[in-house]
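K.L.:
My questions all concern the structure below.
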Amino acid sequence: MLANFKTLAILAAAFSLASAAPTAPTACDSDTKVPSKTYTQPRVTHSVVAGRGGLKFDPDNIVAEVGEVVEFHFTPRNHSVVESSFGNPCQPKDATSFFSGFFPVAEGQSPEVFQIVVKDKNPIWFYCAQNTGTHCQAGMTGVVNQRFDSQFTLARHRELAAAAKAPSGVQYGIQGGARIPNPNPLSGF
Ligand SMILES: *[C@@H]1O[C@H](CO)[C@@H](O)[C@H](O)[C@H]1NC(C)=O
Ligand SMILES: [Cu+2]
């Protein structure tokens, strides 16, 4: 677990470095015959804003390729993100579920974000575990890579969330992703 978290943190750090570096070759480079540099492609990052427009994630239905990053930004008041499962919307999927911790924010957005990396093409269901105001039951759920041709829709998932018993489950520690200073302060806004 620790090793996984470390790997993710290292990967996330590498990606933010990659996206900060300019990637387009200059005219000068293409004029010369000798390749002067190897350019790394920046990692595609999908920004999701928790709490924008009410008790929800915006966007809440994300399509991402394996290896891409989903980056959660946090606005008022005190949200979080936890990995769940389709049929049990307001509880962690299992002991390995990612958990961002809580982000109390008075205004604007948190100076930190939580990044996860998409590991495979299976749907990733998630919710906010804030129990003051029962955010998950109120509709604060989302999905990465919903199967659009199946009955396992976000709409159905949200009906299950509305009927789910409070309190929502919380993991015990931040895990399964990287909680880091916001590398893209303007993204998603
Ligand atoms: C944010 O919410 C969590 C979970 O309900 C709570 O433990 C924590 O005290 C809250 N933080 C603030 C500053 O309200
Ligand atoms: Cu919330």
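K.L.:
Just to confirm my numbers, what's the Cα centroid distance between segment 140-181 and segment 44-82 in Å?
P.N.:
What the calculation gives is 11 Å, centre to centre.
K.L.:
Restricting to Cα pairs below 8 Å that are 6+ residues apart, what does the relative contact order work out to for segment 45-181? Please round to a whole percent.
P.N.:
On the way: 342 pairs, mean separation 41.7, N = 137.
Here the relative contact order equals 30 percent.
K.L.:
Enumerate the amide H contacts of I62 below 5 Å, restricted to partners 5 or more residues apart or on another chain; note that Pro and chain-start residues carry no placed amide H.
P.N.:
V143, V144, N145, Q146
K.L.:
Just to verify a number: what accessible area does R158 come out at with the full protein assembly present, 1.4 Å probe, Å² rounded to tens?
P.N.:
Approximately 70 Å² for this residue.
K.L.:
What does the charge count around V70 come to, taking other residues whose C-beta lies under 12 Å from its C-beta (Lys +1, Arg +1, Asp -1, Glu -1)?
P.N.:
Net of charged neighbours comes to -3.
K.L.:
In percent, what relative contact order does segment 133-189 have, based on Cα pairs under 8 Å that are 6 or more apart in sequence?
P.N.:
On the way: 25 pairs, mean separation 21.3, N = 57.
After rounding, I find 37 percent.
K.L.:
Let me check something: with ligands and nucleic acids excluded, how do T45, T132, T96, T141 order by accessible area (1.4 Å probe), largest to smallest?
P.N.:
Largest accessible area first, the list is T132, T96, T45, T141.
K.L.:
Nearest 5 is fine: what % of DSSP beta bridges in segment 42-131 come out antiparallel, could you say?
P.N.:
70 percent
The values are calculated or read from the model by the stated rules, or taken from the named source; none is laboratory data. Quantities reported herein were computed from a predicted structural model and do not represent experimental measurements. Using ideal geometry, Cβ is built from the backbone for each residue, glycine included, and neighbour counts are taken over all protein chains shown. Surface accessibility is based on the protein's heavy atoms, side chains included, excluding ligands, DNA and RNA. Shrake-Rupley method; radii C 1.70, N 1.55, O 1.52, S 1.80 Å.
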